[in-house]
Structure formats: C-alpha cells, structure tokens
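J.: Can you keep this structure in mind? I'll have questions shortly.
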Amino acid sequence: AQSVAQPEDQVNVAEGNPLTVKCTYSVSGNPYLFWYVQYPNRGLQFLLKYITGDNLVKGSYGFEAEFNKSQTSFHLKKPSALVSDSALYFCAVREEGSYIPTFGRGTSLIVHP
Amino acid sequence: NAGVTQTPKFQVLKTGQSMTLQCAQDMNHEYMSWYRQDPGMGLRLIHYSVGAGITDQGEVPNGYNVSRSTTEDFPLRLLSAAPSQTSVYFCASHLSRSSYNEQFFGPGTRLTVL
C-alpha cells in the first residue's frame, strides 16, 4: 500500500529566504513522487516529479526537490522565496504498477513580504 | 489544447436534488479521476477510470456515480445530494498506466448543498 504524509499544515517564510516543504512516503516497491501547487480558486498544477536517477529534481518556477531513499522523504525546496509562491502544496506518491497516486493533505506556504 | 475542462464552476443544490458534474479532456488520456477537496482533508479519490467503459471506486464513492462512454468525457453524477457533499470537486487525467505520468487537473467545481 502507498501512503504519503505532509507533517506541516502551514509553513511561514520571509521573502528572499530559502523555503522547505516536507513530504515523507511509504510504498511497497519503487516510488514515483510528485509535487503539485494549488493557487487560490484554481486546480492543481504539476511542479516536478522523481522517477529515477539524480536525487535532486528541478521543476517549474525555480522549485527543486530532493529524493532521500533512506529517509523515505521528498522535500520541496526553493533557494529564495517569493510572495507569489504563497499557495497550497501537495505531495503525491505512486508505487510502481499503481494506477492512481495518493496525495498528502497539503501544506499551506505563506511567504511574508 | 484546452486541457481538462469542468462545468459548472459553481453550483448550489437543495438536499435530495440530483445533478451531473461534467469533465472533458482533449489530450487523449486513458486515465481520468474525480477527487473532492475538503479543508484539512486534502484530496480524496471518488471514482476513477482506466479507459472507455472501465470505471472503479476510489476512497469515497458513496453517493456518486460515474460512467465513461468515450475517452474524452467522464461525468460525475450525484444521485441525491446531501449537505455532506458540499465540497470542491476536481477532475484529473493522465496519459497511461505508467506510474510516472503526472496528472492534469481541471479548474474545479464548487458545490454547495443546502
């Protein structure tokens, strides 16, 4: 069975500071990991994914995520936060052979000017 | 491409009424899914389809019905609306059974049941 956890309901960061949004997962086989962003009153948009290979994955809008197999984590990062990054972020996991991903509960990122 | 489209954007129903939420995609994606989003609950899967004529239940299927007669369309039917079905509904699609394909989401339908 696949599951994912986002331990923080909300992350606050000042503009210009680095940000991290945490995600941990559990799967039986190989994981495929995804980050999505949801701006107010919009649908989810794909940011980036890990399939295999390099543990550091780069995505849209300057975001990146680091896959750590030993810690079963896939934290989302950005070196310098913007106010416009304020949104709801979802981590999702699919194990190999699974039709549909499992989503975390979401983390609200608030970037203060 | 329009991507994934959903109609209506907003809907208010009375308890016991029925309605259909429409979802369409023009990307020739095999897989389509319906989710509901509630505060603090994240996204919960209602029903999904792996191709025309094939559907299956997700985590919270009760009170909802789906069909998939074409690759493009995946309507969600509320049989007898209840206040507990007040939520934001998202339709999503992805390309194939490969587990590494990302999903594309529609803009959502905000449903209120009085």
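No lab work stands behind these numbers, since they all come straight from the coordinates. In this text the structure is predicted, and so the values were computed from the model without any measurement. When we count neighbours, we look across all protein chains shown, and the Cβ atoms used for this are built from the backbone with ideal geometry, even at glycine.
J.: What Kirkwood hydrodynamic radius do you get for the protein assembly as shown when you take the inverse of the mean 1/r over all pairs of distinct Cα atoms, in Å?
T.: Values: mean 1/r = 0.0553 Å⁻¹.
Value: 18.1 Å, from the Cα pair sum.
J.: Using 0.36 nm per residue, how much length does the chain from A:SER3 to A:LYS58 gain when fully extended, once their Cα-Cα distance is taken away? The partial results should precede the final answer.
T.: Values: separation 55, 0.36 × 55 = 19.80 nm, distance 2.31 nm.
Answer, rounded to one decimal: 17.5 nm.
J.: Sorted by mean Cβ packing within 10 Å, highest first, what order do the peptides A:67-78, B:53-64 take? Show your work: numbers first, answer last.
T.: Details: A:67-78: 16.3, B:53-64: 14.3.
Result, highest mean Cβ count within 10 Å first: A:67-78, B:53-64.
J.: Distance in nm between label sites at A:SER70 and A:VAL83, each 7 Å beyond Cα in the beta-carbon direction?
T.: With each label point 7 Å from Cα toward Cβ, the separation is 4.2 nm.
J.: Rounded to the nearest Å, what's the spacing between the alpha carbon centres of segment A:33-53 and segment A:78-113? Just the number, please.
T.: If you average the Cα positions of each part, the centres end up 6 Å apart.
J.: Quick one: P(r) of segment A:20-113 from all Cα-Cα pairs, 10 Å bins, percents rounded to integers, in order of increasing distance.
T.: 16, 52, 27, 5, 0
J.: Under 15 Å from a label point 7 Å along Cα→Cβ of B:SER69: give me every residue in segment B:1-35 with its amide N that close.
T.: Residues B:20-24 qualify, since their backbone N sits under 15 Å from the label point.
J.: I've got another one for you. For segment A:31-80, take N as its residue count and report Rg(C-alpha) divided by 2.2 N^0.38 Å.
T.: Working: Rg = 11.4 Å, N = 50, 2.2 N^0.38 = 9.7 Å.
Taking the Cα Rg and dividing by 2.2 N^0.38 Å, one obtains 1.17.
J.: Using 0.36 nm times the number of residues separating B:ARG44 and B:ASN1, minus their current alpha carbon distance, what extension gain do you get? Could the numbers behind the result be given before it?
T.: On the way: separation 43, 0.36 × 43 = 15.48 nm, distance 2.69 nm.
That works out to 12.8 nm of additional length.
J.: So how do B:79-87, A:86-94 stack up, highest first, on mean other-Cβ count within 10 Å? Let's see the in-between values first.
T.: On the way: B:79-87: 15.1, A:86-94: 23.8.
In decreasing order of mean packing, B:79-87, A:86-94 become A:86-94, B:79-87.
J.: Please compute, for the alpha-carbon atoms of chain B, the extent along each of the three principal axes and give them in descending order in Å.
T.: Taking max minus min along each principal axis of the Cα atoms, chain B gives 39, 30, 26 Å.
J.: While we're looking at this one, here's another question. Using a Förster distance of 22 angstrom, determine the FRET efficiency expected from the C-beta separation of B:THR15 and B:ALA52, and round it to 0.05. Numbers along the way, then the final one.
T.: Values: r = 33 Å, r/R0 = 1.51.
Result of the calculation: an efficiency of 0.10.
J.: Can you give me the distance in nm between label points at B:LEU79 and A:TYR39, each placed 7 Å from the Cα along the Cα-to-Cβ direction?
T.: Distance between the two pseudo-spin positions: 3.9 nm.
J.: Moving on to the next point. Which percent of Cα-Cα pairs in segment B:68-114 sits in each 10 Å bin, short to long?
T.: Pairs per bin, as whole percents: 22, 40, 30, 8, 0.
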